[in-house]
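Read through the structure below, which is laid out as structure tokens, and then see the notes.
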Amino acid sequence: MADIVTFTINPSIDMSTSVDRVAPIKKLRGAAAHRDPGGGGINVARVAIRFGADVKALCAAGGVTGELLRRLIERDGIPNVVIHVSEETRESFTVFENATGYEYRFVLPGPQLREEEWHQCLGALADPEDNPRFVVASGSLSPGAPSDFYAHAARIARKRGAKFLLDTSGPPLASALEEGVFLIKPNLRELRELMGVPLDDERAWVDACRRLTEAGRAEVVALTLGDRGALLVVRDQAWRAPALPIKPLSAVGAGDSFLGAMVWGLAQGRSIDDAFRYGVAAGSAALLSSGTGLCRRDDVERLYPDVVLQRI
């Protein structure tokens, strides 16, 4: 039985390549492509298992690309349960432009799920054979899944006595918060969208996060701020972690790396602020990996001592 279960309803095959320069009309010849299993929850599992976590990945997948996804997950040594759906799993791709250092990311919507298919996904999460302490749901919803899908998932996790961690945005996030969750990891744009206000400075960020914790909608808010670092808020405490001075090679998967390392830390019994330090280190380490490589553990351990928490 896995200690951590990740839940990805809309996974993808993530392909990355590079070209000399992006230009219209011309045929652009890329370097050899690299493929990874992708989607928020799968990426969280990829990171957590690099730290030695006891993790299982649940995901929906279909068609030829779905079979490739399963093989890639198993290549990475991740125990998994695949819920088969009728339409093809999506593909997404990242192109690095050598001439400028710019990165172009193309993300597709995913398969249209039938009602019985998304119900099967929730049924897999409720499987009594698993008894996880942490359930991590991450990523967008597939077309066809209802906006309260993650609220259903949060309810299942709570009934099973598991802490529910969520990384999504828009109506699916708002709906899940009405149910109540353990932890959310929005970025600043997502928090602004959720709260419906500009949130122009640190005081506003902290106040917004505290409103969520005091209302019982989330016990923990880990707010990622890009090159301004990150913020951790619980009901009676808050910490700010300034960004580490890193020249990014790629920003793909930084948020998933953050959450993967943080849930690993929590599963290890580390305090919430120490797990947050590991999350910041992992999100920073992901910037050092090209394409869809995510963070490497040796980079995380090297950067961890440099993460400074400032109590607010």
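The values are calculated or read from the model by the stated rules, or taken from the named source; none is laboratory data. Keep in mind the model is a prediction, meaning the values are calculated, not measured. All Cβ positions, glycine included, derive from the backbone under ideal geometry; neighbour counts span all protein chains shown.
Side notes on the structure shown:
- Filtering region 88-120 to residues that are surrounded by 21 or more Cβ atoms within 10 Å (Cβ to Cβ) and at positive phi leaves only 110.
- Pairs linking a residue in region 289-312 that is more than 23 Å from residue 34 (Cα to Cα) to a residue that is in a loop (DSSP other than H, G, I, E, B) and of a type in the set (S, T, N, Q), with Cβ atoms under 8 Å and 6 or more positions apart or on different chains, are 311/237.
- Positions within region 193-208 being touching a residue at least 12 places away in the same chain (Cβ under 8 Å) and more than 13 Å from residue 240 (Cα to Cα), in sequence order: 193, 194, 195, 208
- Note on region 119-144: residues that are in a loop (DSSP other than H, G, I, E, B), in contact with a Leu (Cβ under 8 Å, 6 or more places away or on another chain) and among the hydroxyl-bearing types (Ser, Thr, Tyr) amount to 1.
- Test: residue in region 239-253 that is buried (at least 16 other Cβ atoms within 10 Å of the Cβ), within 25 Å of residue 56 (Cα to Cα) and among the basic types (Lys, Arg): no
- Residue count, region 12-55 (criterion: crowded, with 16+ Cβ neighbours inside 10 Å and in a strand (DSSP E or B)): 13
- Matching residues in region 200-247 - criterion: being assigned to a loop (DSSP other than H, G, I, E, B), touching a Ser or Thr at 6+ places or on another chain (Cβ under 8 Å), within 27 Å of residue 151 (Cβ to Cβ) and at pLDDT 95 or above: 234
- Residue match in region 85-98 (condition: in a helix (DSSP H, G or I), modelled with pLDDT of 95 or more, among the hydroxyl-bearing types (Ser, Thr, Tyr) and touching a Ser or Thr at 6+ places or on another chain (Cβ under 7 Å)): no
- For region 149-175, the tally of residues that are of a type in the set (D, E, K, R), crowded, with 18+ Cβ neighbours inside 10 Å and without any contact (Cβ under 8 Å) to a residue 60 or more places away in the chain stands at 1.
- Boolean, residue 285 is free of Cβ contacts under 8 Å to residues at least 40 places away in the same chain, within 20 Å of residue 136 (Cα to Cα) and assigned to a helix (DSSP H, G or I): no
- Residue list for region 176-187, filter: surrounded by fewer than 20 Cβ atoms within 10 Å (Cβ to Cβ) and of a type in the set (D, E, K, R): 178, 179
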